[in-house]
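Reviewing the structure listed below.
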Amino acid sequence: MANISYEYLSDMKLKDPFFDSLKEDYQRFNEWFMKKSYEGKAAFTFYIHNNLNAFLFLKFEDEGHIDIAPPLPKKRRLKVGTFKIDAHGTKLGERFIKKIFDVAIENGIREVYVTIFPKHLGLIALLTTFGFYKHGIKSSADGIEDVYIKRFDHLVGDILLDYPIVKFTDVKKHVLSIYPKYHTHLFPESILNNENYDLLNDCSPTNSIHKMYICAMDGVLNFQKGDLILIYRSSDGKGPAKYRSVVTSVCTVEEVVHMNQFDSEAEYMEYCKPYSIFKDFELKNFYKTKKYPYIIKMVYNIAFKKRVINDYLANTLMIRPQYWGVFSVSDDNFLRICGEGKINEKLLYME
């Protein structure tokens, strides 16, 4: 199983070695854990071979904090109460960052904060990559922690720092078709209800917020940095295409690269491997043959709550391109597709 679970603390074992470092950092961790267990609280967890590998406890607040310098005024916030991942090179941290933001946006929260000891350099680097900034410090019996804040109402015009919010105006909108066997692993929050979560792998392409796809569709050359992409899962052949081909997600273009831009196979592999769903032998074959010369790097921003079927595109919006692999859509149709997909409108920034 390679999916994030939501688990009651009372069903977990406090003596699990996973919690040892948290007990070392926080003197009252045992007391806190038992109290939350008694209150029926739960946390997001991730297991590898039945061993706990990640733990995320979130708390909704509507209060001020004078124990933080500078103080935080009274406000609705989401606090990242406890967050630990045993890193193992699969970018699982990015998948949990997306989970934090999804919870905040879904509950109308515009600010998230976390306290963290300065020694946790890897986690701090991850948080700041996706828009957390250092606000101040918090002193307690356990020592001095830094306080980092992420705001969804303070955009800076950067794809990653503003994540998951997407800029709607002054960018083009496209549709990109992806085969089901690749879609499932690239977009774990967007798989169909009848797909098996056990198909998901604990690997970088699945976990990462960055996504990479390689194809031969010339239309992707029209993509520009910041453009929005509607991800279109093509039919799996298990029924009529008008019901089995669906729009599932929104991504933001980071860049489109041609394989000829790389000076060597090694340079190409270094670029592709961290985020590509393709296996090494497939990547090397692509480079050798240049049969699929275009590499699309994008950011996975939004998963639709409701999949938008081909029939809606063709017969309601009257979108009937000559080629369903890649095509552009108008601003109005993009919004109507997102509305049909039941996304949270706060994820679209309208200037």
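With R₀ fixed at 30 Å, the C-beta to C-beta distance from Val156 to Asp218 puts the FRET efficiency at about 0.35. The loop-placed trypsin sites (Lys or Arg not before Pro) in segment 105-145, going by DSSP, that have at most 11 neighbouring Cβ atoms within 10 Å of their Cβ come out as Lys119. From the alpha carbon centroid of segment 240-266 to that of segment 68-100 is 29 Å. Projected label points at Lys346 and Glu106, each 7 Å from Cα along the beta carbon direction, are separated by 1.3 nanometres.
Counting heavy atoms of the protein chains alone, His135 has an accessible area of about 50 Å² for a 1.4 Å probe.
Heavy-atom accessible surface of the chain, averaged per residue, reaches 48 Å², computed with a 1.4 Å probe. Sparse packing (at most 14 other Cβ atoms within 10 Å of the Cβ) combined with a DSSP loop state is found for the following chymotrypsin sites (Phe, Trp or Tyr not before Pro) in segment 269-330: Tyr323.
If you wrap a convex hull around the C-alpha atoms of the chain and split its volume per residue, what is the figure in Å³?
Once divided by residue count, the hull of the chain is 155 Å³.
Taken about its Cα centre, segment 85-198 carries a charge dipole of roughly 260 debye when the Cβ of each Lys and Arg holds +1 and the Cβ of each Asp and Glu holds -1. With contacts taken as Cα pairs under 8 Å at a separation of at least 6 residues, segment 296-345 carries a relative contact order of 58 percent. To put it simply, the accessible area of segment 300-351 at a 1.4 Å probe is 47 percent carbon and sulfur.
The values are calculated or read from the model by the stated rules, or taken from the named source; none is laboratory data. None of the values given here were measured: they were computed from a predicted structure. Note that each Cβ is placed from the backbone with ideal geometry, even for glycine, and that neighbours are counted across all protein chains shown. All accessible areas refer to the heavy atoms of the entire protein, side chains included, with ligands and DNA or RNA removed. Shrake-Rupley method; radii C 1.70, N 1.55, O 1.52, S 1.80 Å.
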